[in-house]
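Colleague: Take a look at this one; I'll ask things after.
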Ligand code: C2E
Ligand code: CA
Ligand code: CA
């Protein structure tokens, strides 16, 4: 039974036994509570004891009562003295023994208080009995209340008093007092329940107090740690903005003494040091936590940037009673960030704006278009064949050219936004433009300016540019749309033959999709054997004899149909697919020629991208030796674009071709960059007069003059001339009269498949020229006027 009670007791009141420091601390607090109440109980006991003893002073029990009172005085006095000594000490951890001592003391006290009155109780007169009964009841309640933190002491105290009181009551033989004894037991039970419950509650309260204290200790440790270790500074203000937590760090940050801050409000300080407070004020007004409100601060004549974060503090009713937060000085970070931003706006190589800068400028232009109706124009300027410049010279030369281009853009368009979009692409933003022709005119001036050779180190580099124009707001409502559309215009300009200007049109979108599709399909065309060669004859007109033929590539796509080389060759060049395709053409042409064409000379077109490759000559040799075609029967046609950067590799390959005995023709002569100095740099075997001149021969006297000059020029330099694109007999007549003896064109035959060409060869009858009719006369006056043009050409050559 005793064991069971002990087990229950231990389970519910571990505070009596547990040796851990937490329990010791809790015990200390409980005892400290009892100590602070004990003097009242003791004085109460002494005074009431004196009252009883005094009341019985006339009765025969006066001497035992006096003895009792003196005993009470000794017991209570001891208690008072010991609590007096301990009163100043804060609660200290207490051992289980201390609890046992309290229990024993309460036992002694209850016996001392009750024994004598209970013993003499039956002998007393009813009025004295009443006084004692009342006092006992009061002392029972007061003791139970005082000892409520130590349930064992409280319970023992109550039940000792109940037992002794009932012993006294039952000895009287009075029925009414029997009833009182029964009531006494009931009260004892209630008081015991109260003591046990209060003990538990006290224990729980102490524990939660302890936890709260531990947490607040931890918070202050963390805060101190935080303040010491981070550069952030804590602040706390009440509702009127006065600082409620002022650390040295905060005072230092705000540039004043901690004492000064007591009389300052945060808002007041900010008002004198921060010109842009709106965001901060708004955040406070919202009454919600906020983070990283950036404030520019001017302090000690220096500019700082602070980031302020805070959360509101609430009172018990949920009203905002202040704010607590941190201030971080982010001046360095802010400066680094703005430096980075500045850097990101400038292209490091050329010093003009970057893509980011252009985007900002475009955003502004779009805004102006929306708000004020201003129109702007974006010019995307791209260097033609810039890759070759890098490949043929070096990247250093390439960089010099890029810087030169930026410089020229600046010279031609001084008051505009310029940017390099990456690689060899530049942009000019004209804001505002008065009329759309303004953009076109500016582009033409740019084209002209870029034609002047660039000096890069010891090199002189010629470049051309293509320009795409996008108009704001017509060609896009967003930055990306404007950029994408202008890019499409640029692409169209490049496709259209480079060195051109193209304005965006909605049809270009469709074109670019087709271009992307063609590029994709081209990748598999060679292995899928979709290519074939068509042949077009060249005729020596005075003898009407086929003296050669040109191999022209054809691509038959299974779903897209026949695609013109004029469309897919530039795409293949841009996609880097031309070396493989060109090599196939070369081998196939040589093979076919050796097998089927006897001693006819064949012309094969070669792209500049092929000629700048290191293995170009190996491919030529392989094609010749595989097919056993004599080198003298092969002619390579190249275009003037090969020379725009005067690539030494390409030039070396031209000489190697000559040394190998292969003939070299300059195709499309007169178009493009038409620098006659090319002709001096390399002695071509043949000049092919471009179709555009032949086409104009009958309508424009200047075309006739140019053709005549070219033919004379070629003769002087010992070169043959071939006229391309001859479609009418009259054109042929003019050409013949001018001295051009070789002709290629639909007038004689269109390019045709091998079988048809073989038929043409076998059915051809030399000397059977068709009737050409009379040669159309040119207006003499016009011819005179054009003499000066001819002179200018000859002067350039000389
Ligand atoms: P190109 O080298 O100037 O070839 C002559 C082009 O003019 C051919 O167009 C031919 O069909 C066309 N033509 C010939 N006579 C006449 C005529 O009387 N009137 C008209 N209107 N056109 C005539 P094609 O075959 O469409 O080739 C276009 C261009 O594609 C060629 O121009 C050439 O630059 C390129 N190309 C063709 N095959 C190859 C190739 O194998 N390799 C390389 N790199 N380029 C090629
Ligand atoms: Ca050609
Ligand atoms: Ca041509």
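The values are calculated or read from the model by the stated rules, or taken from the named source; none is laboratory data. Please read all numbers here as calculations on a predicted model, not as lab measurements. Every residue, glycine as well, gets a Cβ built from its backbone with ideal geometry; the counts of neighbours run over all protein chains shown.
Colleague: Restricted to region 604-618, and to residues that are within 9 Å of ligand 1 (Cβ to nearest atom) and assigned to a loop (DSSP other than H, G, I, E, B), which residue is surrounded by the most Cβ atoms within 10 Å (Cβ to Cβ)?
Modeller: Filtering first and then ranking leaves 606.
Colleague: Among the residues of region 529-569, write down those that are within 16 Å of ligand 2 (Cβ to nearest atom), crowded, with 18+ Cβ neighbours inside 10 Å and over 23 Å from residue 722 (Cβ atoms).
Modeller: 568
Colleague: Right, here's the next one. In region 328-433, which helices (runs of 4 or more DSSP H) lie fully inside it and hold 3 or more residues that are modelled with pLDDT of 90 or more?
Modeller: Working: elements: 331-344, 355-372, 386-392, 395-412.
Because the criterion is at least 3 residues that are modelled with pLDDT of 90 or more, the helices (runs of 4 or more DSSP H) in region 328-433 that meet it are 355-372, 395-412.
Matching residues to (1) crowded, with 16+ Cβ neighbours inside 10 Å; (2) at pLDDT below 90; (3) closer than 24 Å to residue 640 by Cα:
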position	(1), (2), (3)
714	yes, yes, yes
721	yes, no, yes
739	no, no, yes
795	no, yes, yes
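Colleague: Let me ask something else. Could you please tell me which pairs satisfy a Cβ distance under 9 Å, a separation of 6+ or placement on different chains, a first residue in region 214-242 that is closer than 28 Å to residue 268 by Cβ, and a second residue that is at pLDDT below 80 and loosely packed, with under 11 Cβ neighbours inside 10 Å?
Modeller: These pairs meet every condition: 242/263.
Colleague: Sticking with this one: Of the conditions (1) modelled with pLDDT under 80; (2) over 20 Å from residue 147 (Cβ atoms); (3) in contact with a helix residue (DSSP H, G or I) (Cβ under 6 Å, 6 or more places away or on another chain), residue 53 fails just one. Which one is it?
Modeller: If we test residue 53 against (1) modelled with pLDDT under 80; (2) over 20 Å from residue 147 (Cβ atoms); (3) in contact with a helix residue (DSSP H, G or I) (Cβ under 6 Å, 6 or more places away or on another chain), just (1) comes out false.
Colleague: Before we move on, is residue 640 within 14 Å of ligand 2 (Cβ to nearest atom), on the phi < 0 side of the Ramachandran plot and surrounded by fewer than 20 Cβ atoms within 10 Å (Cβ to Cβ)? It would help to see each step written out before you state the result.
Modeller: Numbers: within 14 Å of ligand 2 (Cβ to nearest atom): yes; on the phi < 0 side of the Ramachandran plot: yes; surrounded by fewer than 20 Cβ atoms within 10 Å (Cβ to Cβ): yes.
Yes.
Colleague: Quick check, is residue 595 away from ligand 2 (no atom under 16 Å from the Cβ), surrounded by fewer than 21 Cβ atoms within 10 Å (Cβ to Cβ) and assigned to a loop (DSSP other than H, G, I, E, B)? Steps first, answer last, please.
Modeller: Numbers: away from ligand 2 (no atom under 16 Å from the Cβ): yes; surrounded by fewer than 21 Cβ atoms within 10 Å (Cβ to Cβ): yes; assigned to a loop (DSSP other than H, G, I, E, B): no.
No, not satisfied.
Colleague: Does residue 625 satisfy the condition of being at pLDDT 95 or above and either away from ligand 2 (no atom under 16 Å from the Cβ) or assigned to a helix (DSSP H, G or I) (or both)? Spell out how you get there, then give the answer.
Modeller: Details: at pLDDT 95 or above: yes; either away from ligand 2 (no atom under 16 Å from the Cβ) or assigned to a helix (DSSP H, G or I) (or both): yes.
For residue 625, the condition - at pLDDT 95 or above and either away from ligand 2 (no atom under 16 Å from the Cβ) or assigned to a helix (DSSP H, G or I) (or both) - is met.
Colleague: Anything in region 310-346 that is touching a residue at least 24 places away in the same chain (Cβ under 8 Å) and touching a helix residue (DSSP H, G or I) at 6+ places or on another chain (Cβ under 8 Å)? List them, or say none.
Modeller: Of everything in region 310-346, those that are touching a residue at least 24 places away in the same chain (Cβ under 8 Å) and touching a helix residue (DSSP H, G or I) at 6+ places or on another chain (Cβ under 8 Å) turn out to be 310, 323, 327, 329.
Colleague: May I pose another question? Of the residues 416, 411, 371, which is more than 21 Å from residue 494 (Cβ to Cβ) and in contact with a strand residue (DSSP E or B) (Cβ under 9 Å, 6 or more places away or on another chain)? Give the steps one after another, and end with the answer.
Modeller: Numbers: 411 fails: in contact with a strand residue (DSSP E or B) (Cβ under 9 Å, 6 or more places away or on another chain); 371 fails: in contact with a strand residue (DSSP E or B) (Cβ under 9 Å, 6 or more places away or on another chain).
Just one listed residue meets the conditions, 416.
Colleague: Another question, then. Can you find even one residue in region 350-364 that is out of contact with any helix residue (DSSP H, G or I) (no Cβ under 8 Å at 6 or more places or on another chain), surrounded by 15 or more Cβ atoms within 10 Å (Cβ to Cβ), farther than 30 Å from residue 247 by Cα and free of Cβ contacts under 8 Å to residues at least 24 places away in the same chain?
Modeller: Checking region 350-364: at least one residue is out of contact with any helix residue (DSSP H, G or I) (no Cβ under 8 Å at 6 or more places or on another chain), surrounded by 15 or more Cβ atoms within 10 Å (Cβ to Cβ), farther than 30 Å from residue 247 by Cα and free of Cβ contacts under 8 Å to residues at least 24 places away in the same chain.
Colleague: Read through the list (1) within 22 Å of residue 516 (Cα to Cα); (2) within 16 Å of ligand 3 (Cβ to nearest atom); (3) assigned to a helix (DSSP H, G or I), then give the number of the only condition that residue 585 fails.
Modeller: Going through the list (1) within 22 Å of residue 516 (Cα to Cα); (2) within 16 Å of ligand 3 (Cβ to nearest atom); (3) assigned to a helix (DSSP H, G or I), residue 585 breaks only (1).
Colleague: Are there any pairs with C-beta distances below 9 angstrom linking a residue in region 186-205 that is farther than 13 Å from residue 159 by Cβ to a residue that is outside any helix (DSSP H, G or I), with the two at least 6 apart or on different chains, and if so which?
Modeller: Filtered contacts from region 186-205: 199/13; 199/150; 200/13; 203/13.
Colleague: Test residue 346 against the criterion of being touching a strand residue (DSSP E or B) at 6+ places or on another chain (Cβ under 9 Å), within 30 Å of residue 245 (Cα to Cα) and surrounded by 14 or more Cβ atoms within 10 Å (Cβ to Cβ), and give yes or no.
Modeller: Numbers: touching a strand residue (DSSP E or B) at 6+ places or on another chain (Cβ under 9 Å): yes; within 30 Å of residue 245 (Cα to Cα): no; surrounded by 14 or more Cβ atoms within 10 Å (Cβ to Cβ): yes.
No; evaluated as a whole, the condition is false for this residue.
Colleague: May I pose another question? Does residue 168 satisfy being over 24 Å from residue 10 (Cβ atoms) and surrounded by fewer than 19 Cβ atoms within 10 Å (Cβ to Cβ)?
Modeller: Values: over 24 Å from residue 10 (Cβ atoms): yes; surrounded by fewer than 19 Cβ atoms within 10 Å (Cβ to Cβ): no.
No: the conditions fail for residue 168.
Colleague: Hey, another quick one. Quick check on this structure: which one of 283, 251 is in a helix (DSSP H, G or I), farther than 30 Å from residue 418 by Cβ, free of Cβ contacts under 8 Å to residues at least 60 places away in the same chain and in contact with a helix residue (DSSP H, G or I) (Cβ under 7 Å, 6 or more places away or on another chain)? If you could, list the steps in order and put the result at the bottom.
Modeller: On the way: 283 fails: in contact with a helix residue (DSSP H, G or I) (Cβ under 7 Å, 6 or more places away or on another chain).
Exactly one residue qualifies, and that residue is 251.
Colleague: Further, regarding this structure: Within region 14-22, can one find any residue that is over 10 Å from residue 94 (Cα atoms), more than 60 Å from the chain's Cα centre (by Cα) and surrounded by 11 or more Cβ atoms within 10 Å (Cβ to Cβ)?
Modeller: yes
Colleague: Quick test of your reading of the structure: residue 668 fulfils all but one of (1) within 15 Å of ligand 3 (Cβ to nearest atom); (2) modelled with pLDDT of 80 or more; (3) on the phi < 0 side of the Ramachandran plot. Name the failing condition by number.
Modeller: Here residue 668 clears every test but (3).
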